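To start, the structure under review is shown below, and the notes come after it.
The values are calculated or read from the model by the stated rules, or taken from the named source; none is laboratory data. From a predicted model like this one, the values you see are computed outputs, not experimental measurements. Using ideal geometry, Cβ is built from the backbone for each residue, glycine included, and neighbour counts are taken over all protein chains shown.
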Amino acid sequence: MRHLNKRSPLLALLAALVFAPVFSHALPSSDWLPYGPDGGDARAFAADPHDNQHLYLGTATGWIYESRNGGGNWKRLARVGKRDDLVLDNIVLDPSTPGRIFVGAWVLSSADGGLYTSGDNGETWTVVPEMKGQSIRALVTAPSDPKVIVAGTLKGVYKSTDGGMHWKLISPEGSMELHEVESIAIDPKDPKIIYAGTWHLPWKTTDDGAHWSNIKEGVIDDSDVFSIIIDPKDPSVVYASACSGIYKSESAGSLFHKIQGIPSTARRTRVLMQDPQHQNIVFAGTTEGLYRTTDSGKTWVRTTGPELIVNDVYVDPKDTNRVMLATDRGGVLVSNDDGASFRATNAGFSSRQITSYVEDMNHPGTIYVGMVNDKAWGGVFMSTNGGLTWAQKNAGLEPHDVFSLGQAPDGTVLAGTRHGIYRLNGELWSKVEKVSLELPVTEPPPAPKPVTVRKKGAKTVARPRPVPVKKKPAPKPFDGTVFAFARDHDQVFAATSDGILRSVDGGQSWNLVADPQGHVWYSIASSKSNVISASLSRISFSPDDGKTWTAVKPPADLTQITAVAVDGSGGLWAGGREGVYLSEDKGSTWQIVKNLFVRDVNSIFYDEKGQRVLVTANSSTTIAFAAHLPDKKVSYWNTGWNLRLMRPVGDHMVAATLFDGVVIQPQMVNSAEVSTH
């Protein structure tokens, strides 16, 4: 089975449910523009057969991109199926009909998927009815007949002989062996000869699916076959990659032998690609980098670092020195020296999972975003022009997921990770080591009890009994997850997996506050000495800069708390699956904000300058909201994106998406308003 990073369980909390809000009148349409940061997960390439500079790129979030200059830069075309969970691993262009494209899609941890087609170069897409809901893992057109297309699905092998209009299952229906088809190859001369690689072993038919044979001779049992390629000049030469290694047959699959040279640790060769002009050169994209052979598989050399996960390889048929890789996290890489060296070419391509944001209070327009699941390619990115361009800023941060960003009162930028707190000092991040997880002592120790001592010929006296001194165990270093920061006057708070922490020295040292109760705190916010923090089911409130804390009963209808805020008037805001709730009496009572038709809330933010509360949600729609204070008049925008959070930068809005990077309001447009009166 193809490797694919699973979305973090912590993110699943933010993107689990779908709700479509209903409004009484049409919404204004103003799609916001994507601005990176560039990079992320890239899945598959396809080249226009009439123009080798015209490339298509599939992603793991339903987006398809195109490049008109051989991958120099990329442009978003469309979200196939209008879904964000489709993995696009297979793109086929019809060589006989310009502009006609097929995309095979599947869904992680599901049998869902589909076959989609476009007749306008990828601008719009429709599902192919006969393949609706199929989890399509392979899709190939016959080299000798463009009307023949073969698809590999979880159910078996399907074939079309009329250019994708109609499909027929050509593997045995209900087969317990020939199913879960991960790879397909078609003989370059005879479209009736088809190879199918399953999650178990490879198969072959020579009569268009009437009969199938298990071509497992020489292949280790129970091998997942990820990729099969056939030499276009000598069809008896077949390569197959599996979890157990790379195999080669010189007898059209009758017998395979395992190719030596690739270390056993690189066990998953995701894709094989042969140089179209030099058949002795074969590339192997693995979960531990790219390998290349120049002697038809006798010896292999790794040409990239082992940290690279290669999902697809493209070799320019007119300039085979130009090789491109679609990778996890690193996006698209390009080589102009036959794969000897690579550089990133991700301009316009962004598939980032952004979870946090902070604007520099001392430098307007300078913003930072944090991301997850990108390891060394992620961390923190910085923009000095309001999000138009980005630069990675993760030196010293290690390949940590960044769950939160904040800023201390002295201007120091803070990053909350799965392994503690980091401070940005110039260009370098450093981990904060001074973190105390001991509660402050609120009562003096008990006085020692007196003991009676009687001496011969002397009075009886009472002396204090010595109190045994217990040696304190060495403090346990803080290595927990930091989910949120909040600045309040001259201090900053952190909501963490080990309680609520506070720093009064710019984040250099941290201490546990008085009443954390040992819970995991996911969110925290503050305004004018009022501080609110929440776990999934509890709310704690401090009216005095964190000196004292009181448990607040959450809204009765809120099953899970995903976001909190406190506004400039002391109003407490809490959101979750059921919507947004407001308390104007320090949590004694809660009510729904009228006309704020939103559910599955993922972010609430008090914009002090704009005197409004900004709300975003996990939703099938693309609406973001603002509740203006003090009249609570609700405004909303149709942003064109599913947003994770939204913040003002100057007179514009900047927002983060959960899987597609940062988007920016293209121009200052008036939002629709709904009066609460």
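Only one of these is farther than 23 Å from residue 170 by Cβ, touching a strand residue (DSSP E or B) at 6+ places or on another chain (Cβ under 8 Å) and not polar (S, T, N, Q): 216, 233, 258. Name it.
Selected residue: 258, the only one of 216, 233, 258 that is farther than 23 Å from residue 170 by Cβ, touching a strand residue (DSSP E or B) at 6+ places or on another chain (Cβ under 8 Å) and not polar (S, T, N, Q).
Consider residue 289 carefully, then state whether it is over 22 Å from residue 142 (Cα atoms) and touching a Pro at 6+ places or on another chain (Cβ under 8 Å). So residue 289 passes the test.
Could you please let me know if residue 248 is in contact with a strand residue (DSSP E or B) (Cβ under 9 Å, 6 or more places away or on another chain) and closer than 23 Å to residue 156 by Cα? The answer is no for residue 248.
Scanning the stretch 548-555 for residues that are over 34 Å from the mean Cα position of the chain (by Cα), buried (at least 16 other Cβ atoms within 10 Å of the Cβ) and modelled with pLDDT under 95 turns up at least one hit.
Please go through the stretch 615-625 and give me each residue that is buried (at least 24 other Cβ atoms within 10 Å of the Cβ) and hydrophobic (A, V, I, L, M, F, W, C), ordered by number.
Within the stretch 615-625, 615, 617, 624, 625 meet the criteria.
Filtered by the rule that a residue be at positive phi and small (Gly, Ala, Ser), the stretch 210-245 gives 218, 245. All conditions in (1) over 30 Å from residue 49 (Cα atoms); (2) out of contact with any Gly (no Cβ under 8 Å at 6 or more places or on another chain) hold for residue 335, with the sole exception of (1).
Checking 329, 343 one by one, the residue that is at pLDDT 95 or above and of a type in the set (D, E, K, R) is 343 and no other. Taking each residue of the stretch 270-295 that is closer than 20 Å to residue 330 by Cβ and free of Cβ contacts under 8 Å to residues at least 60 places away in the same chain and looking for partners that are assigned to a loop (DSSP other than H, G, I, E, B) and among the polar types (S, T, N, Q) with beta-carbon atoms closer than 7 Å, six or more apart or interchain, yields 288/265; 289/304; 290/303; 290/304; 292/303. Selection of the stretch 276-288 for residues being assigned to a loop (DSSP other than H, G, I, E, B) and within 32 Å of the chain's Cα centre (by Cα) yields 287, 288.
Considering only the stretch 450-458, I want to know if a residue exists there that is over 19 Å from residue 548 (Cβ atoms), charged (D, E, K, R) and at pLDDT 65 or above. Scanning the stretch 450-458, I find no residue that is over 19 Å from residue 548 (Cβ atoms), charged (D, E, K, R) and at pLDDT 65 or above, so the answer is no. Restricting 578, 608 to residues that are surrounded by fewer than 19 Cβ atoms within 10 Å (Cβ to Cβ) and under 30 Å from residue 83 (Cα atoms) narrows the list to 578. Do we have any residue at all in the stretch 581-595 that's assigned to a strand (DSSP E or B), among the aliphatic types (A, V, I, L, M) and buried (at least 24 other Cβ atoms within 10 Å of the Cβ)? Scanning the stretch 581-595, I find no residue that is assigned to a strand (DSSP E or B), among the aliphatic types (A, V, I, L, M) and buried (at least 24 other Cβ atoms within 10 Å of the Cβ), so the answer is no.
Of the strands (runs of 3 or more DSSP E) lying entirely inside the stretch 188-264, those carrying at least 1 residues that are more than 25 Å from residue 146 (Cα to Cα), out of contact with any Lys or Arg (no Cβ under 9 Å at 6 or more places or on another chain) and hydroxyl-bearing (Ser, Thr, Tyr) are 245-249.
Filter the stretch 289-311 for residues that are assigned to a loop (DSSP other than H, G, I, E, B) and under 23 Å from residue 90 (Cβ atoms); which is farthest from the chain's Cα centre (by Cα)?
Among those that are assigned to a loop (DSSP other than H, G, I, E, B) and under 23 Å from residue 90 (Cβ atoms), it is 308.
Scanning the stretch 479-533 for residues that are surrounded by fewer than 19 Cβ atoms within 10 Å (Cβ to Cβ), closer than 23 Å to residue 553 by Cα and among the β-branched types (Val, Ile, Thr) yields a single hit, 520. Residue 487 meets the conditions (1) within 21 Å of residue 357 (Cβ to Cβ); (2) not hydrophobic (A, V, I, L, M, F, W, C); (3) not in a strand (DSSP E or B) in every case but one. The failed one is (3).
In contact (Cβ under 8 Å) with a residue 12 or more places away in the chain, within 30 Å of the chain's Cα centre (by Cα) and either closer than 23 Å to residue 229 by Cα or surrounded by fewer than 20 Cβ atoms within 10 Å (Cβ to Cβ) (or both), is that true of residue 198? Judged against the criteria, residue 198 is a match. When every residue of the stretch 359-368 is checked against the conditions, none turns out to be in contact with a Lys or Arg (Cβ under 8 Å, 6 or more places away or on another chain), over 23 Å from residue 427 (Cβ atoms) and touching a residue at least 24 places away in the same chain (Cβ under 8 Å). A count restricted to the stretch 523-534 and to residues that are at pLDDT 95 or above and more than 15 Å from residue 583 (Cα to Cα) stands at 2. Note on the stretch 648-666: among residues that are within 22 Å of residue 346 (Cα to Cα) and in a strand (DSSP E or B), the one that is modelled with the lowest pLDDT is 657.
The residue list 165, 131 contains one member that is at pLDDT below 95 and among the aliphatic types (A, V, I, L, M), which is 165. For the stretch 117-124, the condition holds for no residue, the condition being that it is within 24 Å of residue 320 (Cα to Cα), among the β-branched types (Val, Ile, Thr) and over 23 Å from the mean Cα position of the chain (by Cα). Of 171, 135, 109, 183, all but one fail to be within 26 Å of residue 223 (Cα to Cα), out of contact with any strand residue (DSSP E or B) (no Cβ under 8 Å at 6 or more places or on another chain) and either surrounded by 15 or more Cβ atoms within 10 Å (Cβ to Cβ) or in contact (Cβ under 8 Å) with a residue 24 or more places away in the chain (or both); the exception is 109.
When the residues of the stretch 238-274 are filtered to those that are over 31 Å from the mean Cα position of the chain (by Cα) and of a type in the set (Lys, Arg), the one that is surrounded by the most Cβ atoms within 10 Å (Cβ to Cβ) is 248.
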